[in-house]
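First up is the structure itself, then whatever we jot down about it.
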Amino acid sequence: MRISVIIHLINEDPIVCEIDKMPDYSDQVIVAHNPRRRDGKDVHYVDEEVNTIILPWHRIGLVQVLPSGDAEEIVGFVRD
């Protein structure tokens, strides 16, 4: 199952994409699928035919993990 993330690149607008697994601390790059801007438009520096991009960690400032549909099924603490 792919994980949806928002990747904040240094000096660029954030992009929304999917990753196959959470990155390991020893990874040098992150492999992202279906890159797009937050509003759903194409990323200007990626060709239209490209589905997968490889980003080096030194270009990434922050990665936000978006909640999945499974997270809504989890029942948290409920007070009576």
Once you have the alpha carbon radius of gyration of segment 1-47, what is it after dividing by 2.2 N^0.38 Å, with N set to its residue count? 1.16
Quarter of the surface of the C-alpha convex hull for the chain, i.e. direction-averaged projected area in nm², equals 7.2
Of 63, 29, 50, which is the most mobile in a GNM of the chain whose springs link Cα atoms less than 10 angstrom apart? 50
Quote the relative contact order of the chain in percent (integer), defining contacts as alpha-carbon pairs under 8 Å separated by 6+ residues. 34
Fluctuation leader among 42, 13, 27 - the chain, Gaussian network, Cα springs under 10 angstrom: 27
Please compute the net charge surrounding residue 61, taking Lys and Arg as +1 and Asp and Glu as -1 over other residues with Cβ under 13 Å from its Cβ. -1
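Throughout, read-outs are computed from the coordinates displayed, never taken from laboratory work. Worth saying up front: this structure is predicted, and the values here are computed from it rather than measured. Cβ sites come from the backbone with ideal geometry, for glycine too, and all protein chains shown count toward neighbours.
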